[in-house]
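The values are calculated or read from the model by the stated rules, or taken from the named source; none is laboratory data. All values reported here derive from a predicted model rather than from experimental measurement. Cβ atoms come from the backbone with ideal geometry, glycine included; neighbour counts cover every protein chain shown.
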Amino acid sequence: MLGTLSFSRYVSEQQRENKARSLKLLGDKLILPVGENAFGTVMGQTAGDFNWGGNCNAAAQGIALVYAYKASKDRKYLDMALSNLDYLLGRNATGYSFVTGFGSQSPCTRTTARLWRMV
């Protein structure tokens, strides 16, 4: 997904218009079921969102929504991108920030010590 988004920055005007339509469709698909989510985020709509590296899913969804916003200037895409950032920073079911070193609660502590124990 991110490769396609990056590619959309370096195309002809006609291709850019087609890509803008595609980005808006993707944005609509991502935000459609948000009302069913207790935290009002795009992240967590499917079980597949919660895999190893799932925070990358949240970030990629957010980036796609920012591109949809840039293509359409519709604020709903930007708001949903920010909701995924909120999810990563702690507005989630655990209350943990998934960004190491950010927030008062973090599931990761002493990451450097654990890394060195594996060596």
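Listed values, structure above:
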read-out	value
Exclusive hit being among the aromatic types (Phe, Trp, Tyr) and either touching a Lys or Arg at 6+ places or on another chain (Cβ under 8 Å) or at positive phi (or both), set Tyr87, Tyr69	Tyr69
So Lys24, is it surrounded by 13 or more Cβ atoms within 10 Å (Cβ to Cβ), outside any loop (DSSP other than H, G, I, E, B) and at pLDDT 90 or above	yes
